[in-house]
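The values are calculated or read from the model by the stated rules, or taken from the named source; none is laboratory data. This structure is a prediction, so every number in the text was calculated from the model and none was measured. FYI the Cβ positions are ideal-geometry reconstructions off the backbone, even for glycines, and counts take in every protein chain you see.
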Amino acid sequence: MTKNIEFKRHRRLRSSASMRSLVRENHLRTDDFIYPMFVIEGNTIKNEIASMPGIYQISLDLLVEEVREVHELGIKAIMFFGVIHDKDEQGTGAFVDNGIVQEATKMVKSKFPDMLVIADTCLCEYTSHGHCGVIHNHDVDNDESLKLLAKTAVSQANAGADIIAPSNMMDGFVAVIREALDTAGFKNIPIMSYAVKYSSAFYGPFRDAADSTPQFGDRKTYQMDPANRLEAIREAESDIEEGADFLIVKPALSYLDIVRDVRNNFNVPVVAYNVSGEYSMVKAAALNGWINEKEIVLEKLTSMKRAGADLILTYFAKDAAKWLNE
Ligand code: PBG
């Protein structure tokens, strides 16, 4: 019947589960995940974040149990965000030696030495105005902020952080933090730079979780315009020159083209940050029974690997690890 018609039989390679598994190009592994966590000042607190079901602000005393669970699931790396009450203009809470993230880091490193602790280096969770740096004339002062960010990174390294992840989007932050870490004796601590961070509405739920909504204006003078693609390459280039060891692209899902661009242009590990809004949207639909949560999450995370991400920062890390272990 089809004697004279030629076509390819693509379905040959999809004929059974074993066949599909044999030719599968990308794989999700628990080792790919970094789990972000919110540590809050105080005791016996485990507050579920209203816009992020399943994610909590946890006080130090309850954090051990939570980290134990993450560790037992086989997740190798966690990232901390601090939630504090007394904020000031400078974001002092970010760089004091007994800051909340510093204390959480010390605790985890003493109890679970092989758990990698990644410190998010930013001021917005600690400043009274909610911006990622210090304010002069109603704008974030780049170079003044760099000094405080360098101090923050060094105090996080002093507390035992394994990786420093600056997320503030000031120009020159990798160079200044690298220099400060080296001077303080931390030559071997890598920098995971939020090199390509867009000014995104997908961060909404995070700002509830970390209480870090800017009190005036927005972050558009330092975070990137979602319409831009070449600018992502410029940002990544300068961070590589300044000494970044990893490059983060954030958010992930609406920016998979950028993940691919960064993967194709640079040869360091690339991290996709599957941000809070991306989590909340899936959760909301799942809680309404509109989607199959497990299948949707694994498909989305796999799409990040396919786009070229080596690692994925995701609030779904625990769920995904459980599903992969099933
Ligand atoms: C701090 C920071 C933010 C996120 C990670 N680090 C917030 C922001 O830039 O507003 C967002 C993460 C998320 O939405 O999950 N600057």
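For this structure, a couple of remarks:
- Candidate set: the stretch 276-326, residues that are within 16 Å of the ligand (Cβ to nearest atom), closer than 23 Å to Leu116 by Cα and of a type in the set (D, E, K, R); chosen: the one farthest from the chain's Cα centre (by Cα): Asp319
Rundown of residues vs (1) more than 13 Å from the ligand (Cβ to nearest atom); (2) on the phi > 0 side of the Ramachandran plot, yes/no style:
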site: Cys122; (1), (2): no, no
site: His138; (1), (2): yes, yes
site: Ala153; (1), (2): yes, no
site: Asn168; (1), (2): no, no
site: Gly185; (1), (2): yes, yes
site: Lys197; (1), (2): no, no
site: Tyr203; (1), (2): no, no
site: Asp211; (1), (2): no, yes
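- Residue within the stretch 140-161 that is among the small types (Gly, Ala, Ser), surrounded by 18 or more Cβ atoms within 10 Å (Cβ to Cβ), farther than 11 Å from Ser193 by Cα and at pLDDT below 95 present: yes
- The lone criterion from (1) outside any helix (DSSP H, G or I); (2) away from the ligand (no atom under 14 Å from the Cβ) left unmet by Leu146 is number (1).
- The stretch 1-39 - residue that is farther than 20 Å from Met115 by Cα and among the β-branched types (Val, Ile, Thr) and, of those, farthest from the chain's Cα centre (by Cα): Thr2
- Considering the stretch 173-202, and only residues there that are part of a loop (DSSP other than H, G, I, E, B) and touching a helix residue (DSSP H, G or I) at 6+ places or on another chain (Cβ under 6 Å), the residue that is surrounded by the fewest Cβ atoms within 10 Å (Cβ to Cβ) turns out to be Ala184.
- Some residue of the stretch 33-52 being of a type in the set (D, E, K, R) and in a helix (DSSP H, G or I): no
- The residue that is nearest to Asn325 (Cα to Cα), counting only those in the stretch 1-22 that are touching a Leu at 6+ places or on another chain (Cβ under 9 Å) and surrounded by 10 or more Cβ atoms within 10 Å (Cβ to Cβ), is Arg20.
- Unique residue being outside any helix (DSSP H, G or I) and within 16 Å of the ligand (Cβ to nearest atom) when the list is Tyr273, Tyr255: Tyr273
- All positions within the stretch 296-323 that are touching a strand residue (DSSP E or B) at 6+ places or on another chain (Cβ under 6 Å) and among the aromatic types (Phe, Trp, Tyr): Tyr315
- Out of Ala232, Ala286, Ala227, Ala209, one residue alone is at pLDDT 95 or above, crowded, with 19+ Cβ neighbours inside 10 Å and either in contact with a helix residue (DSSP H, G or I) (Cβ under 7 Å, 6 or more places away or on another chain) or not basic (Lys, Arg) (or both). It is Ala232.
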